Amino acid sequence: MKPTPPTQHPKTAAPDHDILDVFAERWSPRAFADRPVEPEKIRRMLEAARWTMSSYNEQPWRYVVASRDEAPEAYERLLGCLNEFNQKWARHAPVLMMSFYKTTFSKNDRPNRCAPHDVGAASAALTFQATAMDLYVHQMAGIQKDVVRETYDVPEDVEPMAGLAVGYLGDPDMLPSKQRKSERASRSRKPLGTFAFGDSWGTPAEVLDE
Ligand SMILES: Cc1cc2nc3c(=O)[nH]c(=O)nc-3n(C[C@H](O)[C@H](O)[C@H](O)COP(=O)(O)O)c2cc1C
């Protein structure tokens, strides 16, 4: 008898080429379950970020982390740093984080051009580690930078980057109708040839020809 294929979540990517499961399975939900995230899992996510590559190994990323179950007051303060739209859905995520990057190198105070890139890479590592533990991360550009600076007394050479909502998957029915629809919509991406170029700008790389 043929084994029954596992039912895939509708959000799972249908990639054109084989990729690791975590890349296909990650997506950014707005509905989170009312279930706490185990502190050890939060530590593992941060540990994944810790081992990310960075320019000159500067490790320019910084995070503020607040778990609703461990530190409810800190959680509310972090929630207040998001914009109004994001606060509405992110308040259901049991863990919130804020990412930052140090704009200068520690050894010589020169500008670190790659710092925003490196915090993005660290947040990606953290996110895929989450996926491997059945957790989901939804990043948010919609933050109130001035409120973030004031709330955390952020040093001058550190820039707030993005909020992160973390938790287990919830029921889309908890969301307003527009968001519910997008929560159930399949995910799409531009083809490889639109961003991987060969000898001239805009021409798909030769390696993409099959
Ligand atoms: C840096 C960054 C900022 C984002 N900002 C927001 C945001 O403020 N609010 C929101 O609802 N989604 C936000 N998103 C989620 C994106 O819209 C989402 O990643 C994109 O539509 C692709 O969907 P997927 O992550 O499910 O594949 C952000 C994602 C990233 C990586």
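Figures for the structure shown
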quantity	calculated
The stretch 154-169, subset under 15 Å from K102 (Cβ atoms) and out of contact with any Ser or Thr (no Cβ under 6 Å at 6 or more places or on another chain), residue surrounded by the fewest Cβ atoms within 10 Å (Cβ to Cβ)	E156
Residues satisfying the stated conditions in the stretch 64-94, i.e. within 12 Å of the ligand (Cβ to nearest atom) and part of a strand (DSSP E or B)	L82
Condition check for K178: within 15 Å of the ligand (Cβ to nearest atom) and either touching a helix residue (DSSP H, G or I) at 6+ places or on another chain (Cβ under 6 Å) or not in a loop (DSSP other than H, G, I, E, B) (or both)	yes
All positions within the stretch 110-167 that are closer than 22 Å to V37 by Cα and away from the ligand (no atom under 15 Å from the Cβ)	Q129, A132, M133, D134
Condition check for R43: within 21 Å of H138 (Cβ to Cβ), in contact (Cβ under 8 Å) with a residue 12 or more places away in the chain and not small (G, A, S)	no
Members of the stretch 3-56 that are of a type outside the set (A, V, I, L, M), part of a helix (DSSP H, G or I) and within 16 Å of the ligand (Cβ to nearest atom)	D21, F23, E25
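Each reported figure results from applying straightforward, stated rules to the coordinates on display, with no laboratory input. These numbers were taken from a predicted model, which means no experiment stands behind them. Neighbour counts are summed over all protein chains in view; Cβ atoms, including those assigned to glycine, are modelled from backbone coordinates with ideal geometry.
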